[in-house]
Amino acid sequence: MPDDAQGNLTEVSAWLREARHIAVLTGAGVSAESGVPTFRDAQTGYWAQFDPQDMASEAGFRAAPSRVWAWYEHRRALAQSAQPNAGHHALAAFAQRWPGRLTLITQNVDGLHQQAGSEPVLCLHGNLLDNRWLDVPRDCCRMEHAAAGSPPYCDRCGNLVRPGVVWFGEPLPLATLDAAQRAAQSCALMLVVGTSGAVYPAAGLAHRARAAGARVVVINTAPSELDAIAHAVLRGPSAQLLPALLGTANPVGMSNPA
Ligand code: OAD
């Protein structure tokens, strides 16, 4: 663990022990050590290679469906071969040990939190493995026709199948966002882990938690846009910092059930 994280870690551990309700907002950085690329990291992030409007918007998909579909097929294969890391496992173990105490909110679509055993997970941006129709389906629509590298389509009306994730310009799933906002509003501590904090409404959850009186802690290898509102920043990889933090967090006034 980086030296500068150590001092803050002691303080944040104390906050964690005091907190009856903890909300955790995760982003791509949580899965970086599982080998899943982030979006905005220079060199290795997807958006260093691709324009998000081309690959993560309805207009981009309509303009070049096969290009976008092939990219999602690649990301699906990558996510399916990836394994949860120690950070995912630490979050799942904590929630299992203290039922009802932690609400896990993620922007990630890779399913690694679920694979580690976290349940429920509030998936703000959907799930990489889901599909849906691009246009409102008619009676004729069946997902029967597909060629490798191209999206399945209806051979009667031409409707295309698209990935069931949330793209730029699209609304987040309402019930999920609602539950996430309630968690942000009511938590005593929010951990913001492995996200640049550049995408809203997800990043707005940290502002909401702070405004409602929660302590906000950022865990990130690099500066993020949410550092400015954080009460503490733990600088380092989440696969090290989450186990270090959550492994020792018996809450004040509660005995260890194990
Ligand atoms: P970003 O790629 O914007 O940010 C990843 C963050 O993780 C950066 O701040 C890194 O410094 C940090 N990071 C990298 N490795 C880390 C590690 N091992 N431990 C801790 N932190 C680490 O990804 P998100 O913030 O998740 O949305 O991006 C938000 C949304 O923008 C995504 O859900 C996606 C993207 O475009 C859509 O596609 C709609």
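The values are calculated or read from the model by the stated rules, or taken from the named source; none is laboratory data. None of these values were measured; they are calculated from a predicted model. Backbone-built Cβ (ideal geometry, glycine too); neighbour counts: all protein chains shown. Side chains are part of the model used for accessible areas, which takes the heavy atoms of the whole protein and leaves out ligands, DNA and RNA. Shrake-Rupley method; radii C 1.70, N 1.55, O 1.52, S 1.80 Å.
Of everything listed in (1) within 29 Å of V24 (Cβ to Cβ); (2) at pLDDT below 95, the single unmet condition for E144 is (1).
Here's the yes/no breakdown for (1) open to solvent by 20 Å² or more (accessible area, probe 1.4 Å); (2) acidic (D, E); (3) within 15 Å of the ligand (Cβ to nearest atom); (4) touching a strand residue (DSSP E or B) at 6+ places or on another chain (Cβ under 7 Å):
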| site | (1), (2), (3), (4) |
| --- | --- |
| P99 | yes, no, no, no |
| T106 | no, no, yes, yes |
| Q114 | yes, no, no, no |
| H125 | yes, no, yes, yes |
| W133 | yes, no, no, yes |
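Test P163 against the criterion of being within 30 Å of L102 (Cα to Cα), modelled with pLDDT of 95 or more and in a strand (DSSP E or B), and give yes or no.
yes
Screening the range 1-92 for helices (runs of 4 or more DSSP H) wholly inside it with 1 or more residues that are within 10 Å of the ligand (Cβ to nearest atom), surrounded by 15 or more Cβ atoms within 10 Å (Cβ to Cβ) and touching a residue at least 24 places away in the same chain (Cβ under 8 Å) returns the ranges 29-32, 52-55.
When G213, G236 are checked against the criterion of being without any contact (Cβ under 8 Å) to a residue 60 or more places away in the chain, out of contact with any strand residue (DSSP E or B) (no Cβ under 7 Å at 6 or more places or on another chain) and more than 29 Å from D130 (Cα to Cα), G213 stands alone in meeting it. Those residues that are touching a Lys or Arg at 6+ places or on another chain (Cβ under 8 Å), in contact (Cβ under 8 Å) with a residue 24 or more places away in the chain and assigned to a loop (DSSP other than H, G, I, E, B), I need them from the range 126-160; list them, please. The answer is L134, P151, N159.
Can you tell me which residue within the range 164-178, out of those that are near the ligand (Cβ under 10 Å from one of its atoms) and touching a strand residue (DSSP E or B) at 6+ places or on another chain (Cβ under 8 Å), is least open to solvent (accessible area, probe 1.4 Å)? Ranking the candidates gives V165 first.
Among the residues making up the range 181-214, those that are part of a helix (DSSP H, G or I), touching a helix residue (DSSP H, G or I) at 6+ places or on another chain (Cβ under 6 Å) and open to solvent by less than 40 Å² (accessible area, probe 1.4 Å) are A184, L205, A209.
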